[in-house]
1. Could you grab me the full set of residues in the range 197-223 that are aliphatic (A, V, I, L, M), more than 14 Å from the ligand (Cβ to nearest atom) and crowded, with 23+ Cβ neighbours inside 10 Å?
2. Taking the range 294-310 on its own, how many of its residues are under 18 Å from the mean Cα position of the chain (by Cα) and open to solvent by less than 60 Å² (accessible area, probe 1.4 Å)?
3. Look at Ser162 and say whether it is without any contact (Cβ under 8 Å) to a residue 12 or more places away in the chain and either closer than 30 Å to Lys105 by Cβ or among the aliphatic types (A, V, I, L, M) (or both).
4. Name, by its number, the condition in (1) over 23 Å from the mean Cα position of the chain (by Cα); (2) of a type in the set (Gly, Ala, Ser); (3) assigned to a loop (DSSP other than H, G, I, E, B) that does not hold for Ser162.
5. Looking at Val92, Val83, which is the one that is farther than 24 Å from Asp380 by Cα, more than 10 Å from the ligand (Cβ to nearest atom), in contact (Cβ under 8 Å) with a residue 12 or more places away in the chain and open to solvent by less than 10 Å² (accessible area, probe 1.4 Å)?
6. Between residues in the range 125-153 that are over 19 Å from Ala190 (Cα atoms) and residues that are hydroxyl-bearing (Ser, Thr, Tyr) and within 11 Å of the ligand (Cβ to nearest atom), which pairs lie under 7 Å by C-beta distance while being six or more apart or on different chains?
7. Can you find a residue in the range 160-168 that is within 15 Å of the ligand (Cβ to nearest atom), at pLDDT 95 or above and in contact with a Pro (Cβ under 9 Å, 6 or more places away or on another chain)?
8. Restricting attention to the range 344-358, which residues are open to solvent by 60 Å² or more (accessible area, probe 1.4 Å) and either without any contact (Cβ under 8 Å) to a residue 40 or more places away in the chain or near the ligand (Cβ under 9 Å from one of its atoms) (or both)?
Amino acid sequence: MSNPNILDAALTRLDEAAKHVQIDGDVLEKLKYPRETTKVRLLIRMDDGSRKSFLAWRCRYDDTRGPTKGGIRFHPDATAEEVETLAFWMTVKCAVTNLPYGGGKGAVQVDPRTLSKAELERLSRAYVQAFARIIGPDRDIPAPDVYTNAMVMGWMADEYASIQGQSVPAVITGKPIALGGSLGRDDATARGGFYLTRHLTQRLGLPEAAPRVVVQGFGNAGQHIARLFHGAGARIVAVSDSRGAVHDPNGLDLDALLAAKAEGRSVLEAAHGATVISAEDLIGVECDILAPSAMEDMIHAGNAASVCAKVVLELANGPVTPEADRILADKGVIVLPDILANAGGVTVSYFEWVQNRQGYYWSLDEVHSRLRTIVEREGDVVWGIAQDKGVTLRTAAYIHALGRLAGAIEAHGTQQFFTS
Ligand code: GLU
């Protein structure tokens, strides 16, 4: 079960940012609570003929800046608090990158690895049947998240189309290319983080040639970030998955690791000459870039002091707790915060939504160059705020987002407007 106080912990980052800017109290009041969270039970037919029910949620946290946007996760530990926190992060993330969206998130409490493919399809379709009145291309637009993928999005888009009686591709992003998906969405989360790190390389004090990279969590984002850095000459010195970790200071055989994952095997089975270590020990491996790429709260008060990286690249949402943030800052470890570093995924989701609405599709180069422009532009702004105010990049990113959110909230009038 995820940390029950996860939303309170997340909101401390907003309070920290608010100390550094003039913000109307109305704005913070609005951002402190989710606008609506709907909880349902999905009842599906299992392959053996029985019926089984699963808890599911969709949270629309804040829609001041546009329709709510955010993924759907299938995970056995999902809770309402976690969904709301993830939706809060989406609200802030879309503001940091200036996408015309608010924040949302969804989840089903299920271990998808225990379902057959046919059961997974029925569960995906049941989710859309339950939430069809909540989602919509101008209302709330889901996407993939942990343990969901393009095929799941394809089933969901198809179910929505049959409910509406017409094709509505812009209701969901991260779809298969053949069903209106965008080129470049598959590796977009990692690519955004990769562009950001490369752009800031000198400012971060990272080596230009062959930086050492450690990847915690070897799912979609983890595998792509390893591939992108490796392609640019980096050494991938350690990676972990749910079963453990492998380490080789001279660089791992990435092709063997990727091949093992493609066959549904663990990285441990592709260790070759590398040392098998525990997933916890991976956090302390000496490297230039540590990229937590899977779940929340992976770097916490208990292990942050062991981090031996120059930079933590947060590809997961919320992988570093507020206590760990302080420990890392004291050690001089720079954190590239999730709301900026992993925003590539939702940015290319936005491109997919735009393409669906235009009915006109872009080339891969166009997607990459537009993504790079946004990541570098917002990265520069966040870097500048951090320098000006002497704060961490995380606080700077929250300050930046808060400026945009406040602009939108205040445009409806503040207490000062109504009382003066
Ligand atoms: N689940 C991803 C995230 O946390 C992507 C969301 C989206 O594309 O809407 O940012």
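The values are calculated or read from the model by the stated rules, or taken from the named source; none is laboratory data. No experiment lies behind these values; they were computed from the predicted model shown. Quick reminder, even Gly has a Cβ in these numbers, built from the backbone with ideal geometry, and neighbours come from all protein chains shown. We work out accessible area using only protein heavy atoms, side chains counted, and drop any ligands, DNA or RNA first. Shrake-Rupley method; radii C 1.70, N 1.55, O 1.52, S 1.80 Å.
1. Within the range 197-223, Val213, Val214, Val215 meet the criteria.
2. 5
3. It is true that Ser162 is without any contact (Cβ under 8 Å) to a residue 12 or more places away in the chain and either closer than 30 Å to Lys105 by Cβ or among the aliphatic types (A, V, I, L, M) (or both).
4. That leaves (3) as the condition not met.
5. Every option except Val83 fails the conditions.
6. Pairs found: Asp140/Thr68; Ile141/Thr173.
7. Taking every residue of the range 160-168 in turn, none turns out to be within 15 Å of the ligand (Cβ to nearest atom), at pLDDT 95 or above and in contact with a Pro (Cβ under 9 Å, 6 or more places away or on another chain).
8. Within the range 344-358, Gln358 is the sole residue that qualifies.
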